[in-house]
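Q: If you scroll down you'll find the structure; I have some questions about it.
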């Protein structure tokens with residue numbers, strides 16, 4: 001019998017019955033094969049975008065002092081930047097991050113996952129080059145950085161979708177964490193390169209990795225097989241599966257293709273309903289929105305946007321022996337190490353336990369930070385002997401955050417929705433979370449002045465404890481499960497039970 005997949009046409013068998021009876025298309029005890037080098041190459045090439053975003057996050061740290069200088073050899077502007085302009089540079093870009101997911105959330109479905117990521121790369125590269133060649137006025141930086149954040153907002157929703165769709169059930173978690181590993185790597189790159197270069201050179205070096213990334217991504221990296229299958233392109237889908245899973249036999253590739261078709265068939269039921277109406281049309285999708293919102297919000301309720309944005313002022317008030325830049329480099333290195341650890345162990349331990357440990361660890365660490373800043377604000381005598389406490393607590397906090405909350409939620413989010421509304425669901429959740437990010441970051445200066453830093457950190461600690469309780473009762477374990485199995489689990493979730501009962 002000729003088993004060449006290119007000769008298979010027309011008919012794909014879909015077993016009848018309930019979802020739980022059809023999702024397992026291969027024996028449970030079959031050993032998973034090692035990942036191919038081409039899969040690693042495809043994921044890492046796409047992940048360069050996250051690396052550039054990581055550098056962009058810390059771009060202001062070395063650049064703002066140079067823009068405030070009166071020395072024309074250091075400052076490319078005609079005059080030093082003002083406090084109001086600094087506020088605009090930070091505030092408008094944060095708003096653009098939210099608008100990016102709100103306005104362009106359907107692009108991964110219309111343009112395709114690959115073309116959407118290429119468009120984001122082009123947008124970021126062009127705006128950085130505009131700042132390099134025409135950055136003689138602060139408003140050039142404000143406009144270009146705002147445009148970039150539109151792309152970064154879309155990136156946070158579309159890249160995890162692409163990575164999850166080219167990987168398999170047994171390795172999605174590993175590659176999702178590997179993707180987020182590039183974020184602290186970009187942070188550290190920015191902290192190291194920024195202080196050593198001029199504004200123009202640092203701006204160019206920020207985007208320079210996108211030049212080879214775009215070439216390689218366009219020429220060599222395939223479109224998501226789920227997207228091509230959804231468009232009815234069987235030949236391209238099978239060809240892509242062969243490239244990504246070249247260590248499998250043709251029978252196994254066909255099995256994977258049938259599995260994708262079954263997932264698409266399940267997601268296409270009631271396809272006449274679209275957009276947000278379909279997103280909230282089933283219990284599974286509604287629970288996906290709720291859980292995705294809770295998990296992604298927990299990243300920011302823990303206070304990490306404030307810690308990263310106001311690290312220097314916080315440590316100036318703490319009166320430690322290290323400067324803000326020194327603490328920034330130390331925090332960047334610690335984040336990098338623990339993001340790598342998470343990527344290495346998440347496939348063995350699963351997402352749920354790592355996220356829960358991470359959330360509880362950040363909550364407890366913030367308790368110690370809150371106690372120190374309260375004692376410092378009240379001039380307690382014991383403060384002189386515990387000046388080391390805020391530094392140690394911040395590093396422990398960053399370690400626990402990086403162990404789960406920092407790397408897992410974005411990858412987990414795109415697993416919670418069927419393929420036909422995956423982009424809509426991810427972008428909807430990220431848009432709502434983005435509003436909370438703006439509130440959390442913008443409220444810190446006012447609250448810290450009027451009520452004290454200890455009030456803010458105490459509030460973040462309380463929020464982390466609440467998020468821990470939420471995730472303990474609702475967050476499912478998705479390790480090794482297909483998208484169809486995850487939807488079946490979500491449809492059965494009851495607020496009365498921990499998800500360990502339905503795994």
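Q: If only one of 346, 433 is closer than 30 Å to residue 283 by Cα and modelled with pLDDT under 80, which one is it?
A: 346
Q: Further question: Which fully enclosed helices (runs of 4 or more DSSP H) of region 54-122 have 3 or more residues being at pLDDT 70 or above and either out of contact with any helix residue (DSSP H, G or I) (no Cβ under 6 Å at 6 or more places or on another chain) or under 26 Å from residue 136 (Cα atoms) (or both)?
A: Hits in region 54-122: 60-67, 83-103.
Q: Pick out the one residue from 355, 383, 392 that is modelled with pLDDT of 85 or more, outside the structural domain of residue 153 (by TED's automatic domain parsing) and surrounded by fewer than 24 Cβ atoms within 10 Å (Cβ to Cβ).
A: Just a single option satisfies the conditions, and that option is 392.
Q: Criterion first (touching a residue at least 24 places away in the same chain (Cβ under 8 Å), over 19 Å from residue 448 (Cα atoms) and surrounded by fewer than 18 Cβ atoms within 10 Å (Cβ to Cβ)) does residue 340 satisfy it?
A: Answer is yes for this residue.
Rundown of residues vs (1) assigned to a helix (DSSP H, G or I); (2) in the same structural domain as residue 45 (by TED's automatic domain parsing), yes/no style:
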residue	(1), (2)
216	yes, yes
226	yes, no
229	yes, no
232	no, no
237	yes, no
248	no, no
253	yes, no
259	yes, no
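Q: Tell me the residue from 195, 212, 160, 184 that is farther than 20 Å from residue 339 by Cβ and either modelled with pLDDT under 90 or assigned to a loop (DSSP other than H, G, I, E, B) (or both), please.
A: Selected residue: 195, the only one of 195, 212, 160, 184 that is farther than 20 Å from residue 339 by Cβ and either modelled with pLDDT under 90 or assigned to a loop (DSSP other than H, G, I, E, B) (or both).
Q: Which condition breaks for residue 405 when tested against (1) part of a helix (DSSP H, G or I); (2) at pLDDT 85 or above?
A: Unmet condition: (1).
Q: Take the residues in region 128-138 that are assigned to a helix (DSSP H, G or I) and in contact (Cβ under 8 Å) with a residue 24 or more places away in the chain, then tell me which one is surrounded by the fewest Cβ atoms within 10 Å (Cβ to Cβ).
A: It comes out as 129.
Here's the yes/no breakdown for (1) surrounded by fewer than 19 Cβ atoms within 10 Å (Cβ to Cβ); (2) outside any helix (DSSP H, G or I); (3) touching a residue at least 40 places away in the same chain (Cβ under 8 Å):
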{"position": "449", "(1), (2), (3)": "yes, no, no"}
{"position": "456", "(1), (2), (3)": "no, no, yes"}
{"position": "460", "(1), (2), (3)": "no, no, yes"}
{"position": "476", "(1), (2), (3)": "no, yes, yes"}
{"position": "480", "(1), (2), (3)": "yes, yes, yes"}
{"position": "484", "(1), (2), (3)": "no, no, yes"}
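Q: If you don't mind, another one. Go through the residues of region 264-287 one by one and say whether even a single one is outside any loop (DSSP other than H, G, I, E, B), over 30 Å from residue 181 (Cα atoms), out of contact with any helix residue (DSSP H, G or I) (no Cβ under 9 Å at 6 or more places or on another chain) and at pLDDT below 80.
A: Yes, region 264-287 has at least one match.
The values are calculated or read from the model by the stated rules, or taken from the named source; none is laboratory data. Note that the structure is a prediction, hence the values are computed from the model and not measured. Every residue, glycine among them, receives a Cβ derived from its backbone with ideal geometry; neighbour counts consider all protein chains shown.
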